[in-house]
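Below you'll find the structure, written out as structure tokens, and then a few comments.
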Amino acid sequence: MPHPNFKNSLGSPASSADLARADAFRRLFAAKVVVLDGAMGSMIQTYPLEEADFRGERFRHHPHDLKGNNDLLCLTRPDVIEKIHGEYFAAGSDLVETNTFSSTAIGMADYHCEPFVRDINLAAVACAQRAARLAEEATPGRACFVAGAIGPLNRTLSMSPDVNRPDYRAVTWEQVVDAYTEQVHALLDGGVDALLVETIFDTLNSKAALFAIAQVFDTRGEAAQVPVMISVTITDASGRTLSGQTISAFYHSIAHAKPFSVGINCALGGDAMRPYVEELSRIASTYTTCYPNAGLPNAFGGYDETPDDMARVLGDFVANGWVNLVGGCCGSTPAHIAAIARTVRGRAPRQVPQAARALRLSGLEPLVVA
């Protein structure tokens, strides 16, 4: 329940609507298996968008090519982004992610769009919120929510991009924290219901994001403390992140942040995620989530798992009591989400276990001292 002195993200006293939404979001996870949306990029690719669509009028004279900067469409083609969000809500999503996967100064540097980070994040939240309100109006009594998506960055703190200089890093801790801080402030100003640090392949990058979030919460006060959701990527059959951690070691590394949820997304299809989802469900003393790719990419860069394929696997995870939220990542569409939503409807969510008291440490492997 919100604290009695709860305020909204701008520091003014929270309205009864603010309190009701905060409470409703938490009650949603206690009551049902929550359905997340699917891929944004896959859907954007179904539109015949050209350079002019990415530029719009505002960026008509921008000195760098912009096609492919999908987050920028929140400013130049908000109709497209809002429509995609709406299709996911219509398919049965309870929660959608903002189109802000790369909306940091570091992520936008490739397009020379660093000055527009705040505007992109604010516009992205507005697109998702408009779709959420329309979905609620279409079905009175329904509650639809928006999570601010915080991606992993295209630079890593744990690994050198130069094999001949293993000590070299293309970015510093301070730069990563500053980039995430700017994004988090904007997402909160836009009015997201939660923050989702996702597709984590480098634990140190994720810890910088969590540090930035904690600092922003401290700066803005208790009102800004929306739920923080975390989702890691297991990159291959080794069962490790790209920076080398097992799923248990990763959880030990971020558990101090007391996340609202922790889970696995991207890189693999659901079947390949099975042992890691089961392990995370066993050790995590918080809600767990899973939103896999629609299988592995084929030779043409597409994804072959059908809606029924994804629904079968995620339905099995729910039946085993392993997850509290399901959805889709790369290659998934509203059709995939609709099939998943039908499969998990009415099923009981995972019961969060209470962890025994112990000293839990981690490097690449976990260490538990009971």
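For residues that are over 16 Å from the mean Cα position of the chain (by Cα) and crowded, with 21+ Cβ neighbours inside 10 Å, scanning just region 230-251, find the one that is farthest from GLN354 (Cα to Cα).
Ranking the candidates gives THR241 first.
If SER158 passes every condition in (1) closer than 11 Å to ALA212 by Cα; (2) of a type outside the set (A, V, I, L, M, F, W, C); (3) surrounded by fewer than 17 Cβ atoms within 10 Å (Cβ to Cβ) but one, which one does it miss?
Going through (1) closer than 11 Å to ALA212 by Cα; (2) of a type outside the set (A, V, I, L, M, F, W, C); (3) surrounded by fewer than 17 Cβ atoms within 10 Å (Cβ to Cβ) one by one, SER158 breaks only (1).
Filter region 84-102 down to the residues that are part of a loop (DSSP other than H, G, I, E, B) and out of contact with any Ser or Thr (no Cβ under 8 Å at 6 or more places or on another chain), then identify the one that is nearest to THR172 (Cα to Cα).
Once the filter is applied, the top-ranked residue is SER102.
Could you please give the count of residues in region 103-127 that are in contact with a helix residue (DSSP H, G or I) (Cβ under 9 Å, 6 or more places away or on another chain), surrounded by fewer than 24 Cβ atoms within 10 Å (Cβ to Cβ) and not in a helix (DSSP H, G or I)?
Adding up the residues that qualify gives 1.
Please state which one of GLU198, GLU182, GLU136, GLU114 is farther than 23 Å from GLY363 by Cβ and in contact with a Ser or Thr (Cβ under 6 Å, 6 or more places away or on another chain).
GLU198
Just one of ALA209, ALA214 is in a helix (DSSP H, G or I), modelled with pLDDT of 95 or more and buried (at least 24 other Cβ atoms within 10 Å of the Cβ); which is it?
Selected residue: ALA209, the only one of ALA209, ALA214 that is in a helix (DSSP H, G or I), modelled with pLDDT of 95 or more and buried (at least 24 other Cβ atoms within 10 Å of the Cβ).
Among the numbered criteria (1) in a helix (DSSP H, G or I); (2) crowded, with 22+ Cβ neighbours inside 10 Å; (3) among the acidic types (Asp, Glu), which single criterion is violated by ASP271?
Of everything listed in (1) in a helix (DSSP H, G or I); (2) crowded, with 22+ Cβ neighbours inside 10 Å; (3) among the acidic types (Asp, Glu), ASP271 misses just condition (2).
Can you find even one residue in region 64-83 that is of a type in the set (S, T, N, Q), closer than 28 Å to ALA267 by Cα and in a loop (DSSP other than H, G, I, E, B)?
Yes, the conditions are met somewhere in region 64-83.
The values are calculated or read from the model by the stated rules, or taken from the named source; none is laboratory data. Every value quoted in this text rests on a predicted model; they were computed, and no experiment measured them. Note that we place each Cβ from the backbone using ideal geometry, even for glycine, and neighbour counts take in every protein chain shown.
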